[in-house]
1. Kindly identify the range 60-111 as rounded, prolate or oblate by the Cα gyration tensor criterion: order the square roots of the eigenvalues as a ≥ b ≥ c, call it rounded if a/c is under 1.5, otherwise compare a/b with b/c, prolate if a/b is larger, else oblate.
2. Is there a pair in LYS147/LYS396; LYS363/LYS411; LYS166/LYS363; LYS172/LYS285; LYS206/LYS338; LYS164/LYS363 whose C-alpha atoms are over 22 Å apart, and which pairs would that be?
3. Through the Karplus equation 6.51 cos²θ - 1.76 cosθ + 1.60, θ set to phi - 60°, convert the phi angles of the range 344-349 into ³J(HN,Hα) values in whole Hz; use x for Gly and Pro.
4. Of LEU103, GLY388, ALA404, whose Cα points farthest to the positive end of the dipole of the chain (charges on the beta-carbon: +1 Lys, Arg; -1 Asp, Glu; origin at the Cα centre)?
5. Run through the range 68-102 and list the trypsin sites (Lys or Arg not before Pro) located in a DSSP loop whose Cβ has at most 11 other Cβ atoms within 10 Å.
6. Suppose every Lys and Arg Cβ carries +1 and every Asp and Glu Cβ carries -1, with no other charges. What dipole size does the range 238-300 come out with about its Cα centre, to the nearest 20 debye?
7. Taking the Cβ of ALA288 as the center, what net charge do the other residues with Cβ under 13 Å away carry, scoring Lys and Arg +1 and Asp and Glu -1?
8. Name the aspartates and glutamates eligible as straight-distance cross-link partners of LYS272: C-alpha to C-alpha under 12 Å, and not fewer than 8 places from it in the same chain.
Amino acid sequence: MGVAKHSLTGKERITALVNATTASARFEVAFDISGLTSCAGTALLTGLSDALGLTGALEDALRVHSRKVAHEPGRVVRDVAAMLADGGDCLSDLGVLRGQEVLFGSVASDATAYRAIERLDEGMLERIRNARSRARSRVWGSAGAPKRVILDIDATLLTARSEKEKAAGTYKRGYGFHPLLCFEASTGEALSGILRPGNAGANTAKDHIAVLRRALAQLPEGAAGPGTLVRCDSAGATHAFLEAVSSRGLLFSVGYAIGESTREAILALDEKAWSPAVRSDGDPKEHAFVAELTKLDLSSWPEGTRAIVRRERPHPGAQLSFTDHDGHRFQVMLTNQKGNRLARIEQLHRKRASIEDSIRCAKSSGLRNLPFKSFAMNEAWLELVLLGCDLLSWTKRFLLEGTALALCEPKRLRYRLFHLAGRIARHARGIRLRLPDNWPWRRAVSLAFRRLRALAAG
């Protein structure tokens with residue numbers, strides 16, 4: 001493809017010959033039109049933050065000057081979180097919002113945003129969490145709380161360069177960080193997280209307790225009760241962590257490593273003790289069964305702890321371990337849930353795999369890249385990622401409920417909603433955002449903006 005470039009009245013203009021395999025025509029590209037935007041839908045994120053009172057709460061919590069300044073730290077935090085939810089992964093991506101002041105107001109420069117994040121000490125981060133908690137209370141009060149609160153906790157690995165503070169080797173022979181995160185299962189809200197070096201232990205009870213404590217502090221008053229379930233993989237099967245869960249009057253469901261005593265208890269089960277396992281839709285699953293290990297000594301675990309084992313034929317090509325028997329694969333979980341519906345209890349535990357989706361979405365919203373050399377600043381970055389994930393979840397619950405876009409993950413939501421192009425028109429001292437009339441998801445977009453206007457109106 002041949003390209004010719006020349007200057008025309010101070011505007012940059014490019015004339016290009018399109019590849020003959022796609023079209024035999026010439027077209028011109030000229031940067032000479034104002035009032036256009038490529039992020040019309042992203043305004044929903046900042047608008048929702050304003051309508052929920054989150055922006056104002058952040059400004060009050062992080063104000064460091066007695067007088068009003070051009071870029072309040074709280075608004076900078078809001079803008080960075082919106083940028084992350086929109087797909088950015090470094091401070092320079094704020095330039096996308098900065099170039100569209102009509103939609104996003106005055107956005108801080110990269111240097112100003114850097115200084116704002118640099119000042120976020122633990123006290124300020126706690127105030128950000130408090131602001132998120134108050135906004136969550138309003139969301140759950142208006143959009144409805146989950147039918148059952150389920151807290152999923154899991155760790156993930158982040159690759160980083162060696163010069164970043166506290167980056168270390170990981171158990172998978174990589175290098176970077178090993179954060180621990182907690183999400184609410186049904187809404188996908190990012191309740192809490194702590195940043196840890198790459199060599200942090202997977203089953204560190206202290207870290208699990210800290211994440212749980214922060215997650216519970218995020219819930220509206222009275223939301224956590226006897227039916228609240230905390231789910232983890234086998235990393236959560238520590239005495240200290242399960243005692244912490246139980247002492248708070250909560251239920252737990254965690255994976256459990258199969259040792260010799262557990263293996264003996266499994267093999268001692270009578271064939272009549274096994275009952276069919278169920279799939280996610282509730283139908284029986286072929287060649288899969290569950291049973292309770294009544295002969296396993298669990299006296300050292302919290303009162304009421306039960307062990308439930310799952311037995312199934314592995315899929316073709318899967319490798320069995322030395323603890324497996326008679327061609328079956330065994331998995332054990334510990335729980336303090338009551339009742340005789342073992343298949344339902346075990347099925348509910350398996351659904352914790354959905355946290356992998358939440359973590360993947362968080363990584364596509366700024367978590368994959370920790371941009372700073374300072375560990376403290378990367379801790380602050382993690383909090384802003386959690387805030388961005390909340391904005392995404394609340395946008396779907398508040399503004400997109402009942403539409404196909406409410407089911408989209410961040411990548412698809414950006415493609416269909418946030419990165420919608422439009423024209424900003426001014427007329428009679430008013431501003432109108434003009435959007436394409438042939439957009440496939442125009443009804444959902446129109447509904448989202450109407451709902452935001454109604455929410456902002458009170």
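1. Values: a/c = 2.15, a/b = 1.65, b/c = 1.30.
Prolate, since a/c reaches 1.5 and a/b exceeds b/c.
2. On the way: LYS147/LYS396 17 Å; LYS363/LYS411 11 Å; LYS166/LYS363 20 Å; LYS172/LYS285 33 Å; LYS206/LYS338 27 Å; LYS164/LYS363 18 Å.
Violating the 22 Å Cα-Cα cut-off are LYS172/LYS285; LYS206/LYS338.
3. Going residue by residue, I get 5, 4, 5, 4, 4, 5 Hz, with x marking Gly and Pro.
4. The Cα lying farthest towards the positive end belongs to LEU103.
5. On the way: sites: LYS68, ARG75, ARG78, ARG98; in loops: LYS68.
Here the trypsin sites (Lys or Arg not before Pro) that fit, given the DSSP loop and packing criteria, are LYS68.
6. Working: 6 positive and 10 negative charges, 35 e Å.
The dipole magnitude comes to about 160 debye.
7. Values: positive: ARG279, LYS285, ARG310, ARG311, ARG313, ARG329, ARG350; negative: ASP283, GLU286, GLU312, GLU346.
In short, +3.
8. Partners found: GLU292.
The values are calculated or read from the model by the stated rules, or taken from the named source; none is laboratory data. The structure displayed is predicted, hence computed values, not measured ones. For neighbour counting, all protein chains shown are included, and Cβ atoms are generated from backbone atoms with ideal geometry for every residue, glycine included. Ligands, DNA and RNA are excluded from the accessible area calculation, which covers all protein heavy atoms including side chains. Shrake-Rupley method; radii C 1.70, N 1.55, O 1.52, S 1.80 Å.
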